[in-house]
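J.: Handing you this structure, nothing more for now.
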Amino acid sequence: MANSEKKVALVVGASRGIGRQVAVDLARNGYVVVVAAKSTSDVSTVTPFPPDPNSPQSTISTVEREIREAGGEATAIAVDTRDYTSVQKLLDETTKKYGRLDVLVYNSGAIWWASVENTPMKRFQLMQRVNVEGLYGTVQASLPHFKKNGWKGRIIVVSPPIYSRFFRGKTAYAMGKVGMSVLTKGLAMDWEREGKQDMAITSIWPAAAIQSAATKMAEKDAAHELRKPTIYSDAILAMLNSPAAEVNGCLELDEDFLRKKGAVDFEKYNLVVGSKPRRIMPKLLPDLTVNEQMDEGKRMDSTKLREKL
């Protein structure tokens, strides 16, 4: 085990698109990056290099090589987020190699946008396993490593603010994605209650559509509606550079968070120069708190109840 002097970031779902951009930009900003996903490849056969970042030719193997050739440090580790044993192995290999874990970015996701009637059970199950179960398992497996690091670290989750319009036309997908945001809120509350002041978990979602593998089919007709994935990585870097208390439990939009940090130039993120990508998210989101927010009554703890039995 080699203890890294640099901060170590694990990006899950880093083979292409947004995840690849996040991994590349973390490396450019001094992080040692572990790129994780299912897809691997023989990078010696990829020509030209680097490949189209939104194509199947882009894998964690090519992302690792891309980062290394740019002077950064990266390691590709294959993982199946549906398999908790695979996830645990990923976290163990990361900390065995670098001796620490400072940042976890969970970008893995399965997508199917359709009505409930037109969402088969297998599609529903896949989304819940990759999106909700995959996130929960990855967070669970990371916590012992954050503990070893003195409870100093950050988790970034790709999931949306919670509001009703999001459910329309994609209920099964929304069930999982909103569940991921619930984990962000709930874990943040755990850490606040436990006094873990140097830990923060934050969700991030695009305010306007971002170029990725998911948008590749629509690019010809809708390129003017897309932004570059650099807006996402810039927002994540800004989150990581913010005080933990400022971002813990927040469900943020990339553009809005960057504006709060003083950014004013968003033209540079447009895929088509001079275009004005349509905002896909509401400008004002509901406040999820209630007047009785601090009134829990008597807290039930299943672990303590089990100890009594």
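The values are calculated or read from the model by the stated rules, or taken from the named source; none is laboratory data. These figures come from a predicted structure and were not determined experimentally. All Cβ positions, glycine included, derive from the backbone under ideal geometry; neighbour counts span all protein chains shown.
J.: Counting just the residues of the stretch 131-167 that are among the aromatic types (F, W, Y) and outside any loop (DSSP other than H, G, I, E, B), which one comes out surrounded by the most Cβ atoms within 10 Å (Cβ to Cβ)?
T.: Ranking the candidates gives F146 first.
J.: Test of understanding: among R82, R68, R28, which residue is without any contact (Cβ under 8 Å) to a residue 24 or more places away in the chain, surrounded by fewer than 19 Cβ atoms within 10 Å (Cβ to Cβ) and among the basic types (K, R)?
T.: R68
J.: Is it true that some residue in the stretch 173-190 is of a type in the set (A, V, I, L, M), surrounded by fewer than 16 Cβ atoms within 10 Å (Cβ to Cβ) and in contact (Cβ under 8 Å) with a residue 60 or more places away in the chain?
T.: Yes, because at least one residue in the stretch 173-190 is of a type in the set (A, V, I, L, M), surrounded by fewer than 16 Cβ atoms within 10 Å (Cβ to Cβ) and in contact (Cβ under 8 Å) with a residue 60 or more places away in the chain.
J.: While we're looking at this one, here's another question. Just for strands (runs of 3 or more DSSP E) wholly inside the stretch 30-130: which have at least 2 residues that are among the small types (G, A, S)?
T.: 32-37, 74-78
J.: Looking at the stretch 173-187, can you tell me whether even one residue there is assigned to a loop (DSSP other than H, G, I, E, B), among the polar types (S, T, N, Q) and either at pLDDT 95 or above or in contact with a His (Cβ under 9 Å, 6 or more places away or on another chain) (or both)?
T.: no
J.: Here is a follow-up. Residues that are of a type in the set (K, R) and surrounded by 10 or more Cβ atoms within 10 Å (Cβ to Cβ): find the helices (runs of 4 or more DSSP H) completely inside the stretch 214-309 holding 1 or more of those.
T.: In the stretch 214-309, 254-260 are the helices (runs of 4 or more DSSP H) which contain 1 or more residues that are of a type in the set (K, R) and surrounded by 10 or more Cβ atoms within 10 Å (Cβ to Cβ).
J.: Right, next: Is there any pair with a first residue in the stretch 157-172 that is of a type in the set (G, A, S) and a second that is in a loop (DSSP other than H, G, I, E, B) and surrounded by fewer than 21 Cβ atoms within 10 Å (Cβ to Cβ) whose Cβ atoms are under 6 Å apart and which are 6 or more apart or on different chains, and what are they?
T.: Close Cβ pairs (under 6 Å, with a partner that is in a loop (DSSP other than H, G, I, E, B) and surrounded by fewer than 21 Cβ atoms within 10 Å (Cβ to Cβ)) amount to A172/T119.
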